[in-house]
């Protein structure tokens, strides 16, 4: 799997200043993140929770279907420790991972996972992300 960088860190931090109205989305975001990070996470169920572009990028990068590719990724299975929502984007920190979500026509979907913070105001390094 190729490691990529999510350039959301600083932008999301700044957007957080105006996040007041997005708090109503928090329960939905948290539910999708918790389902994606469930310890008994079925690869097919996880693939269904991915944003379409992320699922396509994963399958293209790995040359195998999403369900096979996910098995080799260090997807966190920890508890949700924080949720931040900014309009159509969200960040969910788990005890052992950071996820980024985007709101789609199908609801909230995971756009990046297996992410590690590279430093304050720096982008995250994610092993799973869309284009």
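The values are calculated or read from the model by the stated rules, or taken from the named source; none is laboratory data. Keep in mind that what you see is a predicted model, and the values were worked out from it rather than measured. Note: ideal-geometry Cβ built from the backbone for every residue, glycine included; neighbour counts use all protein chains shown.
Have a look at 69, 53 and point out the one that is part of a helix (DSSP H, G or I), in contact with a helix residue (DSSP H, G or I) (Cβ under 9 Å, 6 or more places away or on another chain), under 18 Å from residue 129 (Cα atoms) and in contact (Cβ under 8 Å) with a residue 60 or more places away in the chain.
Details: 53 fails: in contact with a helix residue (DSSP H, G or I) (Cβ under 9 Å, 6 or more places away or on another chain).
Only one candidate passes the filter, namely 69.
Scanning segment 75-86 turns up one or more residues that are within 13 Å of the chain's Cα centre (by Cα), within 12 Å of residue 33 (Cβ to Cβ), surrounded by 13 or more Cβ atoms within 10 Å (Cβ to Cβ) and in contact (Cβ under 8 Å) with a residue 60 or more places away in the chain.
Scanning segment 98-121 for residues that are touching a residue at least 40 places away in the same chain (Cβ under 8 Å), surrounded by 14 or more Cβ atoms within 10 Å (Cβ to Cβ) and not in a strand (DSSP E or B) turns up nothing. Within segment 53-74, the only residue that satisfies the criterion of being loosely packed, with under 14 Cβ neighbours inside 10 Å and either touching a strand residue (DSSP E or B) at 6+ places or on another chain (Cβ under 8 Å) or modelled with pLDDT of 95 or more (or both) is 74. Answer yes or no as to whether residue 7 is at pLDDT 95 or above, touching a strand residue (DSSP E or B) at 6+ places or on another chain (Cβ under 9 Å) and either within 18 Å of residue 111 (Cβ to Cβ) or surrounded by fewer than 16 Cβ atoms within 10 Å (Cβ to Cβ) (or both). So residue 7 does not fit the description; no.
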